[in-house]
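Notes follow the structure.
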Ligand SMILES: Cc1ncc(COP(=O)(O)O)c(C=O)c1O
């Protein structure tokens with residue numbers, strides 16, 4: 001959880017600018033005289049778009065909000081179907097339900113992301129969009145999925161909550177479909193406490209999203225905000241200036257966070273790659289992951305759970321796999337009636353993968369004894 005691990009005086013200094021450059025305006029737009037030249041959210045958006053090589057960025061109040069706004073931007077509504085994957089966080093499916101569309105989940109494959117073959121089977125004449133999740137930082141077979149979407153004229157949204165800084169064929173994750181969404185919640189690589197971002201290459205979707213996340217406001221420069229023009233209704237998913245300021249400061253630290261993550265992850269991989277009995281999660285060729293997690297599988301569920309228990313006793317923990325499937329696996333979401341789990345299958349293929357995998361958090365300030373503790377634990381249980 002490096003975002004919060006790296007928070008220090010620099011974030012505070014950036015926040016102070018809201019009160020020194022301006023007079024403490026915490027709203028992202030308007031109040032020009034009071035705010036001086038302090039536009040924190042605007043600046044964060046511009047810097048984020050530049051950093052991740054996209055044309056337009058829109059900051060919002062959370063990663064969940066980013067998904068909901070993305071669906072609004074492409075015009076998803078009732079009677080539409082949106083396909084995502086069985087291994088994700090509930091937020092991805094919640095955003096689809098909130099849009100009024102029917103959520104459908106595909107199986108995952110050995111990348112632990114959307115299985116392109118199962119995706120093809122789940123597409124119907126009502127399918128309007130796919131939300132591809134780069135779950136826990138690593139992409140799946142994006143090219144195959146993108147080709148399917150292009151052929152069937154289906155929008156592709158990337159849920160990049162965990163994938164910031166990852167690349168596929170040299171392009172940043174989050175820039176491969178129509179819209180990419182990001183999360184800056186407290187557990188993410190960079191954090192604004194709560195917060196999210198959308199990236200777009202198409203101005204039309206950007207403008208629709210920008211208005212929709214702000215009650216339909218078009219921010220028409222010719223009129224004051226209270227007389228602003230609007231073409232559709234919307235909602236309030238705005239980011240505050242406080243979050244924007246923290247985001248600017250966190251973004252400056254991103255390269256360093258990424259490097260440190262990579263280094264710490266490699267230290268662990270070097271210790272465990274000798275074990276033939278474990279298998280690292282598959283990352284497709286020509287891509288780089290966001291190295292915030294390290295994921296590998298054992299031969300069976302029993303060993304995966306045994307590993308977690310032993311590691312726990314040594315004072316360390318696993319993250320999400322294998323312990324937190326209730327929040328991250330659609331096969332467990334009987335509370336979401338819209339998924340219709342009784343009628344559909346229960347994602348047997350996905351369950352088979354997820355049961356055997358463990359996921360480790362890579363910390364920015366990694367305990368020096370951590371790689372060895374992992375190596376030792378694997379040795380003990382095999
Ligand atoms: C895959 C995925 N999508 C979306 C979200 C939602 O992000 P947020 O917590 O910022 O709303 C999360 C949060 O963990 C997530 O893991």
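Brief remarks follow.
- Among the residues of the range 160-213, the ones that are surrounded by fewer than 24 Cβ atoms within 10 Å (Cβ to Cβ) and within 12 Å of the ligand (Cβ to nearest atom) come to 6 in all.
- Positions within the range 130-146 being touching a helix residue (DSSP H, G or I) at 6+ places or on another chain (Cβ under 7 Å) and either crowded, with 24+ Cβ neighbours inside 10 Å or closer than 18 Å to residue 52 by Cα (or both), in sequence order: 130, 131, 132, 133, 145
- Number of the condition not met by residue 167 [criteria: (1) in contact with a strand residue (DSSP E or B) (Cβ under 6 Å, 6 or more places away or on another chain); (2) closer than 24 Å to residue 128 by Cα]: (2)
- Set 39, 87, 19, 27: member being buried (at least 16 other Cβ atoms within 10 Å of the Cβ), assigned by TED's automatic domain parsing to the domain that holds residue 211 and either away from the ligand (no atom under 16 Å from the Cβ) or under 13 Å from residue 247 (Cα atoms) (or both): 39
- Annotation: residue 149 fulfils all but one of (1) more than 19 Å from residue 199 (Cα to Cα); (2) at pLDDT 95 or above; (3) surrounded by fewer than 24 Cβ atoms within 10 Å (Cβ to Cβ); (4) away from the ligand (no atom under 16 Å from the Cβ); the unmet one is (1).
- Residue 216 being away from the ligand (no atom under 16 Å from the Cβ) and in contact with a strand residue (DSSP E or B) (Cβ under 8 Å, 6 or more places away or on another chain): no
- Residue within the range 103-123 that is under 20 Å from residue 209 (Cα atoms) and either more than 12 Å from the ligand (Cβ to nearest atom) or at pLDDT below 95 (or both) present: no
- Residue satisfying condition, being buried (at least 24 other Cβ atoms within 10 Å of the Cβ), under 20 Å from residue 172 (Cβ atoms) and touching a helix residue (DSSP H, G or I) at 6+ places or on another chain (Cβ under 6 Å), within set 59, 95: 59
- For residue 274, the conditions (1) under 30 Å from residue 71 (Cβ atoms); (2) without any contact (Cβ under 8 Å) to a residue 40 or more places away in the chain are fulfilled apart from (1).
- Test: residue 10 is more than 30 Å from residue 122 (Cα to Cα), in the same structural domain as residue 125 (by TED's automatic domain parsing) and touching a residue at least 12 places away in the same chain (Cβ under 8 Å): yes
The values are calculated or read from the model by the stated rules, or taken from the named source; none is laboratory data. The shown structure was predicted, so the numbers you read here are calculated from the model rather than taken from an experiment. When we count neighbours, we look across all protein chains shown, and the Cβ atoms used for this are built from the backbone with ideal geometry, even at glycine.
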